[in-house]
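The values are calculated or read from the model by the stated rules, or taken from the named source; none is laboratory data. From a predicted model like this one, the values you see are computed outputs, not experimental measurements. A quick note on method: Cβ atoms are made from the backbone with ideal geometry, for glycine too, and the neighbour counts reach across all protein chains shown. With ligands, DNA and RNA removed, areas are computed over all heavy atoms of the protein, side chains included. Shrake-Rupley method; radii C 1.70, N 1.55, O 1.52, S 1.80 Å.
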Amino acid sequence: MESSDAIYKKNRAVFDVLYPQMIDSLDQALMSSASQEELYTFDFFVGKKGYPSFSVTDNAGRTMHGHSLFDPYKEAEKNFAGLADDNVGRIVVFGFGFGYHLKYLVENTPDDARIIVVEPFPTVFREALRRVDLSAIFETRRIVITFSTDPAELSNTIGQGIVAVNVPNMRFCALPYLHHFMPDAIRVMNTALEGFRNHLLYNLYTTRYAAEMMFTNMINNFYFAARSPGLSHYLGAFAGRPIFVVAPGPSLDRNKLQLKRVKGKALIVAVDTATRILLKDGIEPDIIVTIDYQQSNHKKLSGLDTSFAYMFPAVEVYHEIPGEHTGRIVSYYHISPISGMYDPIIGHRGAIPSGGSVLTDAVSIALNLGADPLVLMGVDLGFPGERWYADGSFEGGKFTEGLRQGSVEKLQVPDIYGNPMTTYRSFHAFLQYLNTNLSPVRNHVIDATEGGAAIRNTTARFASDVIDEFVTDDHDPREILDRVYDSFEPMPSIEIIKSLDEMIGEFKDLQKLARRGLRQSVKAISQINKVDSNAGAFINSVKKVQSTRAEISEKKSHLEFLTILLDQCMASIFYQDTDAIKDPSTPMKEKKKLYKEILDLDRDMYDRISKVVENLFEHFENVKDKFLEEEGEHEGIVQR
């Protein structure tokens, strides 16, 4: 048997390469779980057949073993065989233990199924690393571990990478010792799942409402993205340097003038809503981040000359914002099907997870740039003094007026001093996102807001003290931004035109399918009342409708980002494989009603796909014209 030191080194080597933040997360969990030692005693030993194991004893003297003393692998097969399902996409396991059950799950579930493990006893996990060779299961990169039992954090962890268009089949299970000692575990998981469902439902409605606007913006912004570098080109460019992320919270009035000492010495990243506030006092941020797809977003920067700054627009942002910016642009997108369109044509531009706000994007961008420390200013995430924004905001106090008139549903969160502070649901969601996503990062995060909500794993300090300590006169950060930008070589327009022609051809193919499905569903609806006399013809029409739907779902191309969105979001979630239709005892009148409801959904789906594709087809043709014009100018220069 290998020594505990050799086993730990082997596990640690995998972590350092594939899970570089894991050990830091474990150390933090061990420090924050000191109270467990008062409630539980852990005994670690070798079982009767040589397998390392453990037991847990609570302060009432009750003891339970973590695994079988004889063969924990056979025990895992017995307890978790029901999860060996070819259709499972995500498994949530309450309890890591010594990982025997995870080996079984890794070997007996699909390779792309993610396994999320919640281990509330980090002491047990630490000992597992010392006693059991876990390298093989972690090398699969399928395991995600969290030590938190906070429902909000669990909700974020469970839903990592899931949006309304890719909801996987999910399974849940728990190790017996956690069932025994944490009977409220089911309640915790149910609360987390409810939060996840609410988040998913919110995203679904947003997607249904905004999908066409987002895709239109995405295509109109394609030209700018193709002709400029992306966030991926700047990864780590500011490693070890301070970066100031500035939001428009009311506390910004207190310390924003300190940023004059920062300008030209450390990078200043402003969210779009803070830009006007800073310019009011002559402070020009180096980077402006903007993400909102709605036309109303335009007023945040309308009338401002932003040419002095690098603009970092998410590719789905309202297209007139980057269109009117005369300065430099650096593109990025959120982890989503968008990459299915951009990457194959212009190469990777850089993806970050969506936290739902321009602030969370700005934080993610700064961390990707290498910020150390990352300094937050104006990040109130609430309404200190019953104010929404600092003075000089784009909305001129309108939001604050609505807040004071009671048009906002308010919540209470602790501020940095531990006092209750008013906020609302969206800000609270962004706070939870930061609490979850700042915890594992190696970068030092300082909250120099000097007020506002308490953000976990940050150090609250005065902005002046932070500037005194970390901001030096070494180099103007704009030199780094310029150097990377100037070294970027965009793809030749002729190559992009060729790819766009292929994509436009695929749009035409998709539109043909949608129009065919529309005709088929309309025909099937017209036959419903004739089922009694000609059931065969009706069933044949329904099968054709279903076949076209399956053909759209299985279409694998650059348009996968679109077909998945429209098929699943607009139809599959609402599809019902209704037992009542198949039940011979269901009256024919009821069956006809159910058939009509489903076929109406089919008809509406195909009609919408056809209209959306026609719209996007026209936008792609306009984008192609820009590259054709560019290619013509290039040829003219060569000829001259």
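Using the Cβ atoms and a cut-off under 14 Å, what net charge is assigned to the surroundings of residue 408, where Lys and Arg are +1 and Asp and Glu are -1?
Numbers: positive: 387, 398, 404, 410, 425; negative: 386, 395, 401, 409.
Around residue 408, the charge tally is +1.
The accessible area of residue 39, taken with all protein chains in place and a 1.4 Å probe, comes to roughly 80 Å². Counting only aspartates and glutamates at least 8 places from residue 592 when in the same chain, those with an alpha carbon closer than 20 Å to its own are 532, 577, 579, 583, 600, 602, 604. Assuming charge only on the beta carbon of Lys and Arg (+1) and of Asp and Glu (-1), the dipole of segment 42-102 about its Cα centre is about 140 debye to the nearest 20.
Which lysines, on any chain, are close to residue 74 with Cα under 21 Å apart, when same-chain ones fewer than 8 places away are left out? Excluding near neighbours in sequence, the set is 48, 49, 103.
Rounded, prolate or oblate: which fits the chain when a ≥ b ≥ c are the square roots of the eigenvalues of the alpha-carbon gyration tensor, with rounded for a/c under 1.5 and prolate only if a/b beats b/c?
Values: a/c = 1.64, a/b = 1.02, b/c = 1.60.
Oblate is the answer for the chain, as a/c is 1.5 or above yet b/c matches or exceeds a/b.
The mean sequence separation of alpha-carbon pairs under 8 Å and at least six residues apart, normalised by the residue count of the chain, gives a relative contact order of 12 percent. Note on residue 70 and residue 550: their simple-model spin labels are 4.7 nm apart, each label 7 Å out from Cα toward Cβ. The HN-Hα couplings worked out from phi for segment 261-273 by the Karplus form 6.51 cos²θ - 1.76 cosθ + 1.60 (θ = phi - 60°) are 6, 8, 4, x, 10, 9, 6, 10, 10, 10, 6, 4, 6 Hz, whole numbers, x standing for Gly and Pro. By its C-alpha gyration tensor, with a ≥ b ≥ c as the square roots of the eigenvalues, how is segment 308-406 shaped: rounded for a/c under 1.5, else prolate for a/b larger than b/c, else oblate? In terms of gyration-tensor shape, prolate.
Excluding same-chain neighbours fewer than eight residues apart, the aspartates and glutamates reachable from residue 9 by a Cα-Cα span under 15 Å are 127, 133, 139.
Extension gain, residue 187-residue 485: 0.36 nm per intervening residue step, less the Cα-Cα distance, totals 102.2 nm. Using a Förster radius of 25 Å, what is the FRET efficiency between residue 409 and residue 294 based on their Cβ-Cβ separation? Nearest 0.05, please. So, using R0 = 25 Å, E works out to roughly 0.75.
Taking the Cα centre of segment 249-406 as reference, the dipole from Cβ charges on Lys and Arg (+1) and Asp and Glu (-1) amounts to some 420 debye. Element breakdown for segment 226-315 at a 1.4 angstrom probe: carbon and sulfur atoms account for 47% of the accessible area.
Beyond a 30 Å Cα-Cα separation, which of these cross-linked pairs lie in this structure: 300/508; 78/543; 523/624; 300/410?
Values: 300/508 37 Å; 78/543 41 Å; 523/624 37 Å; 300/410 24 Å.
Pairs exceeding the cut-off: 300/508; 78/543; 523/624.
Prolate is the label for segment 287-362, because a/c, from the alpha-carbon gyration tensor with a ≥ b ≥ c as root eigenvalues, is 1.5 or above and a/b exceeds b/c.
Spacing of the modelled spin labels on residue 302 and residue 588, each 7 Å from Cα toward Cβ, amounts to 6.0 nm.
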